[in-house]
1. If you go through the range 168-201 one residue at a time, how many are buried (at least 19 other Cβ atoms within 10 Å of the Cβ) and over 15 Å from LEU75 (Cα atoms)?
2. For the range 56-73, indicate whether the set of residues that are among the polar types (S, T, N, Q), modelled with pLDDT of 85 or more and more than 18 Å from PHE15 (Cα to Cα) is non-empty.
3. What do you reckon, is THR32 under 18 Å from TRP86 (Cα atoms), modelled with pLDDT under 85 and surrounded by 12 or more Cβ atoms within 10 Å (Cβ to Cβ)?
4. Does the range 157-176 include one or more residues that are assigned to a helix (DSSP H, G or I), of a type in the set (Val, Ile, Thr), closer than 16 Å to ALA40 by Cα and modelled with pLDDT of 85 or more?
5. Taking the stated definitions as given, is THR42 over 22 Å from GLU12 (Cβ atoms), modelled with pLDDT under 80 and either part of a helix (DSSP H, G or I) or not acidic (Asp, Glu) (or both)?
Amino acid sequence: MCPELDPNKILEHEFKHAETTLADSNEDRVKTYLYYLGGAATLVTSIKVLDPTNLLELAVVVVWLGCFSIIGCLLLLKLIRLREMWLDGVRAMAAIKEYYVAHPGRRATGTPPNLDEAFYWYGRRGHGRGNIPAPGSEVNIGLLMGASIALVSACAAGAIPLLIGCAGPTGLCPAVILRSAIVTTFVFVLEIGMWRFLASE
C-alpha cells in the first residue's frame, strides 16, 4: 500500500527548497559579480604593461578585450536568470504562507489567529499586503550589479578602438577618443536596455 501523503510535510519540504533556492541564487549572483570584477582588474594590469608597438601583444589584448566584453554580456543574462530564480523562491514561500493564512485548520496547535501580521512578503495573488519586490523595481542590488558589469564590459569594448588607434600612425588623437567613447556608450546602453527589458518581465 502507498503511504498516505501529509500535505503539511510536503509544504514544509517545499518551503525549505524555496529557502535554499533564495540562498543559492544570492550566492551565485555575488560570485558572478566578484569574478568578473577580478577579471577586469587582471585585464587592466595586462593593458598597463602592453607595448603598443608589439603587434602580437596588441592582437592578443584586443582579442581578450572583445572576449571579455562578450562574457560580460553573457554574465548579465546569468544575473537576470538568477534574479528570476530568487523571485520564484520568494513567490513560492509567499504562496505557502498564504495557504496557511487562508486555512487556519492546517496550522499547528497554538498558532495565533492573526498569522498574516507576522508575514512581510505575503500576498502572491494580490491578497494581503503584497510586498514582494517587483521585477522591474527602479533601483535594486541586482540592477546595480548589472550596471557595474555592463560598464566594465562597455569599457572593455571601447578600449579596443582606443588601443588600435594608439598603435596607428595618428596615435592618440581626438578621432580615436571619439570612436572609443561611441563604442563604450553604445555597448553600455545596449546591455542596460537588455537588462531592463528582460529583468522586468
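1. The qualifying residues number 3.
2. Within the range 56-73, the subset among the polar types (S, T, N, Q) is 69.
Retained after the next criterion (residues that are modelled with pLDDT of 85 or more): 69.
With the extra rule that they be more than 18 Å from PHE15 (Cα to Cα), the set shrinks to 69.
Yes, the range 56-73 has at least one match.
3. Details: under 18 Å from TRP86 (Cα atoms): yes; modelled with pLDDT under 85: no; surrounded by 12 or more Cβ atoms within 10 Å (Cβ to Cβ): yes.
So THR32 does not fit the description; no.
4. Checked against the condition, which is being assigned to a helix (DSSP H, G or I), of a type in the set (Val, Ile, Thr), closer than 16 Å to ALA40 by Cα and modelled with pLDDT of 85 or more, the range 157-176 yields at least one hit.
5. Numbers: over 22 Å from GLU12 (Cβ atoms): yes; modelled with pLDDT under 80: no; either part of a helix (DSSP H, G or I) or not acidic (Asp, Glu) (or both): yes.
Here the answer is no, as THR42 does not meet what is asked.
Residues are listed down the side, and each one gets a yes or a no for (1) over 28 Å from the mean Cα position of the chain (by Cα); (2) not aliphatic (A, V, I, L, M):
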| site | (1), (2) |
| --- | --- |
| ASN140 | no, yes |
| SER153 | no, yes |
| GLY165 | yes, yes |
| PRO174 | yes, yes |
| LEU178 | yes, no |
| THR184 | no, yes |
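The values are calculated or read from the model by the stated rules, or taken from the named source; none is laboratory data. Every value quoted in this text rests on a predicted model; they were computed, and no experiment measured them. A quick note on method: Cβ atoms are made from the backbone with ideal geometry, for glycine too, and the neighbour counts reach across all protein chains shown.
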